[in-house]
């Protein structure tokens, strides 16, 4: 397939518009070619950071198709969300450390060891034994082992995508004051946020050190993050209604606001750090419109 055919197929298959097609041509194909320059002869390990609803997953799928169809390269997409602890494990953590840890999302609620094991097997050539969990957000729990990700060929590129991928811990003094009502009312002593920061500074850094380059999608405001997350939940709600499923967890708008409050501190901190840390910074306007893309 040539570039035009790839774009036409991807836009149609994903249910996207001509606006997204133009965005791909102007920004995302140059990004893909930059990634090829980075790759060389070794496996390229790249992290993609972006707040909830910033378009990481769609961009990742485009890059995967682009590399496969135009360059014959295998790109593995590894989602940080799939590494969440099971619901039972998070309930135990909430009892042992702090009640807010029952909610998935922040550092400390992932099994980072599974991600490190996946990467080590791929980088050591043992990719046939590499396996990664799948997480079902509608049930708020990990999928059965039979649904986990297994590779069918050796990877040329491994892309890790997630909302706090590549994040650094905050300075200790920054943790003293709450950033929102959730922290003020439910973490007045700072136990939860200090635990999150400690975990981020420990095993998460060991995991992130396995990646050589960082691409960051930065929304225009935290209010835009909340709005994007609400749109995601609307889509999930429609899927649940269409399938007439029972026992699935769908959040109301009020639930979403509280949920996203768990992410606010680290999201705002990353926005102060990543302009200098990112290899590619994609600044977004409303509705995922790209304001600018800066390649360092």
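Bear in mind that the values in this text are calculations on the coordinates, not laboratory data. Keep in mind it's a predicted model, so treat the numbers as computed, not measured. When we count neighbours, we look across all protein chains shown, and the Cβ atoms used for this are built from the backbone with ideal geometry, even at glycine.
Does residue 167 count as part of a loop (DSSP other than H, G, I, E, B) and within 17 Å of the chain's Cα centre (by Cα)? So residue 167 passes the test. Filtering region 105-127 for residues that are assigned to a helix (DSSP H, G or I), under 18 Å from the mean Cα position of the chain (by Cα) and closer than 22 Å to residue 229 by Cβ leaves an empty set. Scanning region 51-75 for residues that are over 14 Å from residue 20 (Cα atoms), in contact (Cβ under 8 Å) with a residue 12 or more places away in the chain and assigned to a loop (DSSP other than H, G, I, E, B) yields a count of 5.
Pick from region 128-153 the residues that are surrounded by fewer than 14 Cβ atoms within 10 Å (Cβ to Cβ) and part of a loop (DSSP other than H, G, I, E, B): which of them is nearest to the chain's Cα centre (by Cα)? Reasoning before the result, please.
To start, the set of residues in region 128-153 that are surrounded by fewer than 14 Cβ atoms within 10 Å (Cβ to Cβ) comprises 128-129, 139, 144-147, 150, 152-153.
If we keep only those that are part of a loop (DSSP other than H, G, I, E, B) too, we end up with 139, 144, 152-153.
Working: 139: 19, 144: 21, 152: 23, 153: 23 Å.
Only one residue tops the list, namely 139.
When residue 136 is tested against (1) out of contact with any strand residue (DSSP E or B) (no Cβ under 9 Å at 6 or more places or on another chain); (2) over 23 Å from residue 270 (Cα atoms), just one condition goes unmet, and that condition is (1).
Yes or no, residue by residue, for (1) assigned to a loop (DSSP other than H, G, I, E, B); (2) buried (at least 16 other Cβ atoms within 10 Å of the Cβ):
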residue	(1), (2)
1	yes, no
4	no, no
8	no, no
13	no, no
31	no, yes
41	yes, no
77	no, yes
91	no, no
